[in-house]
Amino acid sequence: MFIADHREKHLVDDALFLVDSAPWLQAALDRHGLDFQSEKYGDRNSVERVFRELKHRTNQFSNCFSHAEPDTVEKWLQAFAFAWNQLI
């Protein structure tokens, strides 16, 4: 379902998916006619590190605002985005 949903929302038909040796993932990509390359190290590990860091930071953010009202969180995010964009 994840891959089918991705194909509907994103242009992934020409993408090359880097995967580990998980046979279920390779079978799913093959079933949808998507190209993949099995890779244990290299670029796949770099991508996984980025996602691990993103997941960690999202978790930290969630912990900081776990008891806040959604409106408060939204205002904070807008202020943060404004301040961040001023640095660029």
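Residues of region 63-88 that are outside any helix (DSSP H, G or I) and not aromatic (Phe, Trp, Tyr): Ser66, His67, Ala68, Glu69, Ile88. Residues considered: Leu18, Leu11, Leu25. Of these, the only one that is touching a helix residue (DSSP H, G or I) at 6+ places or on another chain (Cβ under 8 Å) and more than 30 Å from Val73 (Cα to Cα) is Leu18. Scanning region 1-22 for residues that are surrounded by 11 or more Cβ atoms within 10 Å (Cβ to Cβ) and of a type outside the set (A, V, I, L, M) turns up His6, Arg7, Phe17, Asp20.
If the condition is being assigned to a loop (DSSP other than H, G, I, E, B), out of contact with any Leu (no Cβ under 8 Å at 6 or more places or on another chain) and under 21 Å from Arg49 (Cα atoms), then region 1-34 contributes Asp20, Ser21, Ala22. Report every pair of residues separated by at least 6 positions or lying on different chains whose Cβ atoms are under 6 Å apart, first residue within region 55-73 and surrounded by 10 or more Cβ atoms within 10 Å (Cβ to Cβ), second part of a loop (DSSP other than H, G, I, E, B). From region 55-73, the pairs are Val73/Phe65.
Could you check, for region 49-62, whether at least one of its residues is at pLDDT 85 or above, in a helix (DSSP H, G or I) and more than 18 Å from the chain's Cα centre (by Cα)? No, there is no match, as no residue in region 49-62 is at pLDDT 85 or above, in a helix (DSSP H, G or I) and more than 18 Å from the chain's Cα centre (by Cα).
The values are calculated or read from the model by the stated rules, or taken from the named source; none is laboratory data. The structure displayed is predicted, hence computed values, not measured ones. All Cβ positions, glycine included, derive from the backbone under ideal geometry; neighbour counts span all protein chains shown.
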